[in-house]
Amino acid sequence: MNAFRLLADLTHLLSIIILLVKIRTTKSCAGISLKTQDLYVLVFISRYLDLFTRPLSLYNTPFKLVFLATSITIVYYMRYHKVVKQTYNKDSDTFKHYFLILPCAVLAFFINPKFTFIEVLWSFSIYLEAVAILPQLVLLQSSSNIDNLTGNYVFMLGAYRALYLLNWIYRFFAEDVVRWIPWIAGLVQTALYADFFYYYIKSWRNNERLKLP
Amino acid sequence: ECLYQPKDEL
């Protein structure tokens, strides 16, 4: 455990809390992509299957349970809550996210640390998480005005994986740990946020509304 | 294998 890793996980938790606060307080999920949320549920389920097979960890286990519970709750709200589901931008959340699942599954089948059910699914979840934000970024580009909570949510989501990259650099030098799969996927994932980060920081600096081209 | 790592991260 190192400070980067702890900060990263707390940032990730914060992003989810921001999203839950937004949905619960504004009773609206406008600007949030349900497809991205669906993909995150898939990411957490396929990654945390080892919850009960591997020894429980005082740190990881609570986080895994919270991530699973919150991501499922968010999808439940957006699909079935009578008020919230009316505010879902169904017509602009158009990204074909099913086209993301198959390539990640095929890639996981061929590139994984060990050809076992758990490891292949774990690789699948790592690859899927790298691209899961795409529907959300596409939706933001078509949104006329992005509300602050949504902007902060996406920013924190991108920042958490960037912090994981720092954690991996630290672990490489301090603990000689090498992990190609999450490293490369994490780089791709963070790179996808690059232009969002640029516009987000620019809007924050000029104290103006966040607007993606 | 060198790639096989215990999953100690989230």
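The values are calculated or read from the model by the stated rules, or taken from the named source; none is laboratory data. Just so it is clear, the structure is predicted and the values come from calculations on it, not from any experiment. For neighbour counting, all protein chains shown are included, and Cβ atoms are generated from backbone atoms with ideal geometry for every residue, glycine included.
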Exercise. For residues that are in a helix (DSSP H, G or I) and among the aliphatic types (A, V, I, L, M), scanning just segment A:47-60, find the one that is farthest from A:Phe109 (Cα to Cα).
Key: A:Leu51
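Of a type in the set (A, V, I, L, M) and within 14 Å of chain B (Cβ to nearest Cβ): which single residue out of A:Val66, A:Val84 fits that description? Break it down stepwise before answering.
Numbers: A:Val84 fails: within 14 Å of chain B (Cβ to nearest Cβ).
Sole residue among the options that is of a type in the set (A, V, I, L, M) and within 14 Å of chain B (Cβ to nearest Cβ): A:Val66.
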Quiz item: Could you list, in sequence order, the residues of segment A:114-128 that are in contact with a helix residue (DSSP H, G or I) (Cβ under 7 Å, 6 or more places away or on another chain), surrounded by fewer than 21 Cβ atoms within 10 Å (Cβ to Cβ) and at the interface with another protein chain (Cβ under 9 Å from one of its Cβ atoms)?
Solution: A:Ile118
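Select, from A:Ile126, A:Ile118, A:Ile201, A:Ile146, the only residue that is in a helix (DSSP H, G or I) and over 30 Å from A:Thr53 (Cα atoms). Walk me through it before giving the result.
Details: A:Ile126 fails: over 30 Å from A:Thr53 (Cα atoms); A:Ile118 fails: over 30 Å from A:Thr53 (Cα atoms); A:Ile146 fails: in a helix (DSSP H, G or I).
Answer to the check: A:Ile201.
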Exercise. Could you identify the single residue in A:Asp50, A:Asp91 that is of a type in the set (Asp, Glu) and in contact (Cβ under 8 Å) with a residue 40 or more places away in the chain?
Key: A:Asp50
Practice problem: Give me a count of the residues in segment A:167-195 that are farther than 30 Å from A:Arg209 by Cα and in contact with a helix residue (DSSP H, G or I) (Cβ under 7 Å, 6 or more places away or on another chain). | Solution: 10
Quiz item: Which residue, of A:Phe44, A:Phe63, A:Phe95, A:Phe67, is under 17 Å from the mean Cα position of the chain (by Cα), among the aromatic types (Phe, Trp, Tyr) and not in a helix (DSSP H, G or I)?
Solution: A:Phe95
Quiz item: Is at least one residue of segment A:20-39 of a type in the set (Ser, Thr, Tyr), surrounded by 21 or more Cβ atoms within 10 Å (Cβ to Cβ) and touching a residue at least 24 places away in the same chain (Cβ under 8 Å)?
Solution: yes
Quiz item: Mind checking whether some residue in segment A:25-40 is outside any helix (DSSP H, G or I) and of a type in the set (Asp, Glu)?
Solution: no
Quiz item: Just one of the numbered conditions (1) crowded, with 19+ Cβ neighbours inside 10 Å; (2) among the polar types (S, T, N, Q); (3) assigned to a helix (DSSP H, G or I) is not true of A:Gln141; which one?
Solution: (1)
Quiz item: Before we move on, is A:Tyr153 assigned to a helix (DSSP H, G or I) and under 28 Å from A:Ala30 (Cβ atoms)?
Solution: yes
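For residues that are more than 11 Å from chain B (Cβ to nearest Cβ) and within 30 Å of A:Phe115 (Cα to Cα), tally how many sit in segment A:136-160. Break it down into steps so the answer makes sense when it comes.
Taking segment A:136-160 as the starting set, the residues that turn out to be more than 11 Å from chain B (Cβ to nearest Cβ) are A:136-159.
Next cut, within 30 Å of A:Phe115 (Cα to Cα) only: A:157-158.
The qualifying residues number 2.
Only one residue in A:Val154, A:Val131, A:Val188, A:Val177 is surrounded by fewer than 19 Cβ atoms within 10 Å (Cβ to Cβ) and touching a residue at least 24 places away in the same chain (Cβ under 8 Å). Which one? Break it down stepwise before answering.
Working: A:Val154 fails: surrounded by fewer than 19 Cβ atoms within 10 Å (Cβ to Cβ); A:Val131 fails: surrounded by fewer than 19 Cβ atoms within 10 Å (Cβ to Cβ); A:Val177 fails: touching a residue at least 24 places away in the same chain (Cβ under 8 Å).
Sole residue among the options that is surrounded by fewer than 19 Cβ atoms within 10 Å (Cβ to Cβ) and touching a residue at least 24 places away in the same chain (Cβ under 8 Å): A:Val188.
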Practice problem: Go through segment A:38-63 and give me each residue that's over 19 Å from A:Ile16 (Cβ atoms) and away from chain B (no Cβ under 13 Å). | Solution: A:Phe52
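Suppose we filter A:Leu107, A:Leu51 for residues that are over 21 Å from A:Val154 (Cα atoms) and surrounded by 17 or more Cβ atoms within 10 Å (Cβ to Cβ); which single one remains?
Details: A:Leu51 fails: surrounded by 17 or more Cβ atoms within 10 Å (Cβ to Cβ).
One residue alone meets the criteria, A:Leu107.
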Practice problem: Given the conditions (1) at pLDDT 95 or above; (2) in contact with a helix residue (DSSP H, G or I) (Cβ under 6 Å, 6 or more places away or on another chain), report the number of the one that A:Ile111 does not fulfil. | Solution: (2)
Exercise. State whether the residues of segment A:93-103 include one that is surrounded by 14 or more Cβ atoms within 10 Å (Cβ to Cβ) and within 14 Å of another protein chain (Cβ to nearest Cβ).
Key: no
